[in-house]
1. Stretch D150-Q165 to full length: gain in nm at 0.36 nm per residue minus the Cα-Cα span?
2. Within region 142-164, whose backbone N sits under 16 Å from a point 7 Å along Cα→Cβ of S177?
3. How far is it, in nm, from the label point at S68 to the one at E91 when both lie 7 Å from their Cα along the line to the Cβ?
4. 7 Å from Cα along Cα→Cβ at both V57 and T84: what's the point-to-point distance in nm?
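What follows is calculated from the coordinates using simple rules that are stated; it is not laboratory data. Nothing here was measured: the structure is a model prediction, and the numbers come from that model. So basically every Cβ, Gly included, is an ideal-geometry build from the backbone, and we count neighbours across all protein chains shown.
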Amino acid sequence: MKHLSQDSLLSPGRYAATAAALVAIAAAGCGSSDSNSQAKTAADHANEIATTRCNGVNEGQPIASLLSGQTVMGVRPLYGATVTSKSDAREQLHGAVVMVASEPGTTAEWLDRVLECHSAGATLGQTVDDGDPFFLPDAIVDITVQPTKDGFAIQVATNSPRDAQRILDRATAWAPSKVVPAVSMR
């Protein structure tokens, strides 16, 4: 067993100075005005995405077959648990999952980025709204792409039940013959 010498412990003066520094750092972090903590409009969010993630991203080729519906394998509702109390959690609609076939050279990360840029461009009026489910007029959507055995599962989600239904409605109207039963996120 190793014993600590008096030299290895903080002196009362050093302890107080270290504690004060840690409190100051914590207070500075809590008091900072993070732009993410403020309410954003869909246009503000889209502009932030467009300026920080979309420089040099070409939307055309990588997602043309996806946006035309050619690679869509299925669409289903996206449900997740919402905790209503300590003893109660309920399933709530969060949006849609669009399953697509993989394209040569496309990664989940790249597809996620290109779809976020497509969504930002559509929100900012830079692309035509063709009814695809990857954006909603006047709403913020969260796009997450996960690899699957045969392609990708694209989750298009929001926290608003009304907007979640709008996403699902757009997805099923966009690919009506590809609708499949719902699967829980649990």
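1. On the way: separation 15, 0.36 × 15 = 5.40 nm, distance 2.69 nm.
Gain in length upon complete extension: 2.7 nm.
2. Counting only backbone N, you get no residues.
3. With each label placed 7 Å out from Cα toward Cβ, I get 3.6 nm.
4. Placing both labels 7 Å along Cα→Cβ, they lie 3.7 nm apart.
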